[in-house]
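Novice: The structure follows.
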Amino acid sequence: MVALRQGRAARAGTADRALWLAAGMALVAALCYVLIGLEVLTVGDLAASERPAGIIFAAAGGYVLGGLLILIRRRWLWVVGAVINAIVILIFLTSYLDRPAVLFSAGGLVSKGVQIVLECALLYLIVTGAHRARPVS
């Protein structure tokens, strides 16, 4: 009985770490977009018309909202978030595949690196069923 309780507590601890990692990465992704919008993080040779501020700040807002929704512990929200995040990554890659200056820019590498970690954390939460994991008292 004690071993079972310790196993549950360990799984709950791992799930909590993954949950906070995912939420944190979503907020860091939002910060990346804000820094790109403020031109602190460069995005290669993109002209101002190719990076409209409205879209950049809408993406930042979406990641802030997504980071907060992760904490609700609803699997369907994690699935929606993982799908949207994967689409964002794929659109970026397909749009700028022929422009290595954008792909390998500070803004591109940092934001997509954070989004890949976010994706992995969300997939872990989805696959392990961490939405049911609660710390054992």
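Every read-out reported here was derived from the displayed coordinates using simple, explicitly stated rules and does not represent laboratory data. Since we're looking at a predicted model, the values are computed, not measured. As a convention, Cβ positions derive from the backbone with ideal geometry for all residues, glycine included, and neighbour counts pool all protein chains shown.
Novice: Listing PHE104, PHE92 from the residue with the fewest other Cβ atoms within 10 Å to the one with the most, what is the order?
Specialist: Ranked by crowding around the Cβ, least crowded first: PHE104, PHE92.
Novice: Quote the charge dipole size of the chain about the Cα centre in Debye, to the nearest 20; the model charges only the Cβ of Lys and Arg (+1) and of Asp and Glu (-1).
Specialist: 980 debye
Novice: Please sort through the DSSP H helices of the chain and keep those with an alpha-carbon extent of at least 18 Å along the long axis and a Kyte-Doolittle average not below 1.0.
Specialist: What comes out of the filter, once short or polar helices are dropped, is 53-70, 75-95, 106-128.
Novice: Now for a separate question. State the answer as a single residue: which of ASN85, ALA30, CYS120 lies farthest towards the positive end of the charge dipole of the stretch 2-132, with beta carbon charges of +1 for Lys and Arg and -1 for Asp and Glu, about the Cα centre.
Specialist: In the stretch 2-132, that residue is CYS120.
Novice: Please list 13-19, 47-53, 96-102 highest first by mean number of surrounding beta-carbon atoms within 10 Å per residue.
Specialist: 13-19, 96-102, 47-53
Novice: Follow-up question, since we're still on this one. Can you give the FRET efficiency to the nearest 0.05 for LEU68 and VAL127, using r as the Cβ-Cβ distance and R₀ = 30 Å?
Specialist: After rounding to 0.05, the efficiency reads 0.85.
Novice: Taking Cα pairs under 8 Å and at least six residues apart, what relative contact order does the chain come out at, in percent?
Specialist: 43 percent
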